[in-house]
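As structure tokens, the structure follows; a few thoughts come after it.
The values are calculated or read from the model by the stated rules, or taken from the named source; none is laboratory data. Computed from a predicted model, the values in this text were never measured in an experiment. Cβ placement follows ideal geometry from the backbone for every residue including glycine, while neighbour counts extend to all protein chains displayed. All accessible areas refer to the heavy atoms of the entire protein, side chains included, with ligands and DNA or RNA removed. Shrake-Rupley method; radii C 1.70, N 1.55, O 1.52, S 1.80 Å.
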Amino acid sequence: MSGIDRHGRRRPRLRLALSLPLLAAASLAGCASIVIHERPILDRSILDRAPARRGGASPGDAESLLEAGMEQDARHPESALVSYRDAALAALPRIPEEGVSTRIDIAASRAAQGTYRRAIEYALETTHREASREGVPWTNVLARAGIGVRGRISLYDATRCDDILPTRRYEVSGFHHELGGGGVGAPVVAHVTRAGTWGGQSSPVAEQVAKVARLGAPDPEVRSVFDSPCERHFPKSLYYAGSVIIRPGGPGEPPAVLELRDPVRECTPRWQIEPGGPNLPLAYDMTVPLAKQFHNNNLNLMGALGVLYPSQYNGNTGIYMIDPYEPGKIPVVLVHGLMSSPEAWDNAMNELRGNPELRSRYQFWLFFYSTGNPILASGARFRKALNEIRDELDPRHADAAFDHMVLIGHSMGGLLSRLAISRSGQELWDTASRVPPDAIQLEPELKELLVSSLIFEPVPTVRRAIFVATPHKGSPLGDEPIGRIASRLITVPKDVLEVRKALLQSNGAQEVSEAFRGKRYATSVSQLSIGNPVLKAINRIPMSEAVAYHSIVGFDGKTPLPAGGDGVVPYLSAHVEGALSELIVSSGHSAQETDDAIAEMHRILALHLEEYDAERSTAATGSPLASRATRPPGATPVRQIPGDPSKRRSLDDRFAGGKGGVPLDLRIIR
């Protein structure tokens with residue numbers, strides 16, 4: 001048989017093929033589907049031609065230079081680059097006179113504003129094409145046309161980027177809204193490949209930077225990147241939103257300078273074209289780079305494999321950052337659910353990080369973990385990651401914003417968030433063992449995993465949590481045939497089996513709870529079943545009174561509340577008393593992607609900022625801090641947003657290949 005090896009074991013490929021439809025049907029993950037179509041802008045040049053200037057065009061004006069560049073581009077690319085350069089410089093002085101549209105759509109741009117943006121975009125397209133054809137850095141191609149490169153993005157100098165391309169090159173589906181701002185210049189995607197050995201991926205630019213670092217060249221800028229602890233939390237490929245302008249060169253500079261600006265660091269970047277002139281907004285697009293970030297890193301594939309083969313993906317567990325750590329900004333950590341990945345947060349990240357007010361005060365991080373592991377083991381790894389990142393990024397614990405961290409967890413990620421704000425006492429240990437930890441014989445590393453999974457304190461940096469579609473009391477799917485089959489397809493990690501074996505040997509078979517012996521309840525899927533002893537024990541341990549928490553609950557409209565739910569998690573399982581607020585939204589299980597849920601996250605984050613600012617103001621005066629409400633005075637207040645879930649295009653529809661989407665498994669294979 002083709003699916004069986006010579007030892008009679010299922011081959012991993014067959015196991016994956018069998019399990020994907022099962023777990024997809026379970027829909028516990030809430031995975032997203034981002035589709036990107038790419039086409040160079042110059043292929044659309046006929047549609048992009050700038051409107052003619054009143055009174056006609058002269059050979060030296062911006063529009064004529066742009067036209068000349070387009071005609072030269074195919075046969076004389078270096079001449080075309082010079083024409084694009086001169087077109088941008090010719091259009092630039094007219095922009096303050098004619099005014100600037102703040103819409104990101106180029107069709108809304110004023111005449112000179114549109115010509116200036118097109119000249120930059122065409123220059124970047126031609127540069128990218130020629131650099132790829134010649135196998136040289138893109139900065140070399142620009143240098144031959146008399147264009148220097150300046151600016152920074154994230155931790156990196158602009159010249160460190162592998163390439164910089166216009167966002168208009170990409171057509172993206174899978175997001176509810178396009179976030180960004182219109183203005184002067186061109187919105188771009190800046191691509192950086194991390195130097196070093198992360199993921200085995202490199203690039204000519206990254207290799208050059210790594211070589212410089214190995215040789216010990218005294219370049220403070222290069223050294224600052226390698227010494228920055230937050231870079232270790234970046235994915236191997238980074239796609240940043242940027243604003244690009246072309247300005248006249250100054251003393252000691254080339255005739256023109258292409259300058260890259262960072263809308264995350266600056267939030268709403270602006271530019272004075274001339275001293276004393278108006279401070280004009282720069283154009284940027286937050287959505288397209290984020291789409292590239294999620295789409296090109298194969299996160300959904302990692303999520304699928306992480307549930308089936310958890311031990312093979314435990315090395316990827318950790319907190320991932322797209323933007324560098326900034327003291328003073330409050331961390332928000334987004335935690336995905338079962339058979340999922342950080343891509344489950346694509347729309348939430350787009351809306352929250354894309355909002356300049358939130359972006360100026362918060363930094364958004366993502367936690368990835370192998371979701372097939374037992375829930376308590378994943379909870380221990382999450383708490384460890386939260387504690388370690390504080391020591392890495394803020395070793396002196398001087399950043400007050402770090403002490404006001406917010407966790408947002410979807411589905412099983414909500415359970416991990418709950419465990420991060422809970423105090424176990426002896427409850428979980430007594431559920432698993434009748435003998436004390438000292439009596440358990442295990443290797444030190446496994447002993448640490450066991451004890452930290454069952455005995456723990458709340459993470460001290462967390463001040464608020466938001467539970468989204470969280471099965472606090474389990475899900476019926478864990479008990480149904482599809483859940484049992486899915487659980488059997490998961491390869492239980494060796495360390496989990498060894499821990500369970502040690503518990504059994506130290507206690508005896510009859511003294512160990514069924515949830516902690518054998519393989520039946522050794523996976524996250526089985527532990528999510530209704531009435532599972534692990535979930536019952538988690539519900540018995542208290543959440544910290546210093547931490548406020550909120551609930552967002554999905555309702556699919558099929559069965560009236562309270563008996564109904566989101567199709568995966570019943571309402572009575574997602575509801576938890578003590579929450580400061582609860583919002584019921586019309587959705588399936590992928591509630592975290594709905595506009596209503598994201599608006600509620602925004603509301604809660606705004607409330608969190610108000611409390612943080614009030615606390616800081618009070619502390620600055622030396623006055624005693626007022627008590628902070630973390631629980632409602634009575635029962636949890638519940639609000640419901642009416643609506644027909646069938647008319648809302650949620651991730652559940654896109655997962656099945658809705659309009660503009662592709663079925664998840666086909667997109668992964670492609």
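Quick rundown of the values:
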item	result
Sole residue being in contact with a helix residue (DSSP H, G or I) (Cβ under 6 Å, 6 or more places away or on another chain), of a type in the set (A, V, I, L, M) and closer than 22 Å to Leu415 by Cβ, chosen from Leu386, Leu358, Leu366	Leu366
Residues being out of contact with any Pro (no Cβ under 7 Å at 6 or more places or on another chain) and either at pLDDT below 95 or surrounded by fewer than 19 Cβ atoms within 10 Å (Cβ to Cβ) (or both) - total across the range 571-588	2
Every residue from the range 543-600 that is among the small types (Gly, Ala, Ser), out of contact with any helix residue (DSSP H, G or I) (no Cβ under 6 Å at 6 or more places or on another chain), under 29 Å from Thr461 (Cβ atoms) and touching a residue at least 12 places away in the same chain (Cβ under 8 Å)	Ser544, Ala546, Ala548, Ser551, Ser573, Ala574, Gly578, Ala579, Ser581
Filtered residues of the range 92-116 (kept if over 18 Å from Gly69 (Cβ atoms), open to solvent by 30 Å² or more (accessible area, probe 1.4 Å), assigned to a helix (DSSP H, G or I) and in contact (Cβ under 8 Å) with a residue 60 or more places away in the chain)	Pro96
Candidate set: the range 367-379, residues that are open to solvent by less than 10 Å² (accessible area, probe 1.4 Å) and not in a helix (DSSP H, G or I); chosen: the one modelled with the highest pLDDT	Phe367
Those strands (runs of 3 or more DSSP E) lying entirely in the range 125-180 with at least 2 residues open to solvent by less than 30 Å² (accessible area, probe 1.4 Å) and hydrophobic (A, V, I, L, M, F, W, C)	147-153, 163-166
Single condition Gly567 does not satisfy, out of (1) modelled with pLDDT under 95; (2) closer than 30 Å to Arg434 by Cβ	(2)
Ile641 vs. criteria at pLDDT below 95, within 16 Å of Ala469 (Cβ to Cβ) and either exposed (fewer than 14 other Cβ atoms within 10 Å of the Cβ) or under 29 Å from the mean Cα position of the chain (by Cα) (or both)	yes
Condition check for Ala344: crowded, with 24+ Cβ neighbours inside 10 Å and either assigned to a loop (DSSP other than H, G, I, E, B) or at pLDDT below 95 (or both)	yes
Subset of the range 230-262 that is outside any strand (DSSP E or B) and over 28 Å from Leu386 (Cβ atoms) - its residue that is most open to solvent (accessible area, probe 1.4 Å)	Pro251
Complete set of residues in the range 418-442 that are loosely packed, with under 14 Cβ neighbours inside 10 Å and either modelled with pLDDT of 80 or more or within 22 Å of Val576 (Cβ to Cβ) (or both)	Gln426, Asp430, Pro436, Asp438
In the range 551-564, residue surrounded by the most Cβ atoms within 10 Å (Cβ to Cβ) [restricted to those that are within 15 Å of Arg639 (Cα to Cα) and touching an Asp or Glu at 6+ places or on another chain (Cβ under 7 Å)]	Gly554
Asp653 vs. criteria crowded, with 16+ Cβ neighbours inside 10 Å and modelled with pLDDT under 80	yes
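Each row is one residue, and each column tells you yes or no for (1) more than 27 Å from Gly328 (Cα to Cα); (2) hydrophobic (A, V, I, L, M, F, W, C).
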| site | (1), (2) |
| --- | --- |
| Pro374 | yes, no |
| Asn387 | no, no |
| His404 | no, no |
| Gly409 | no, no |
| Gln426 | yes, no |
| Ala432 | yes, yes |
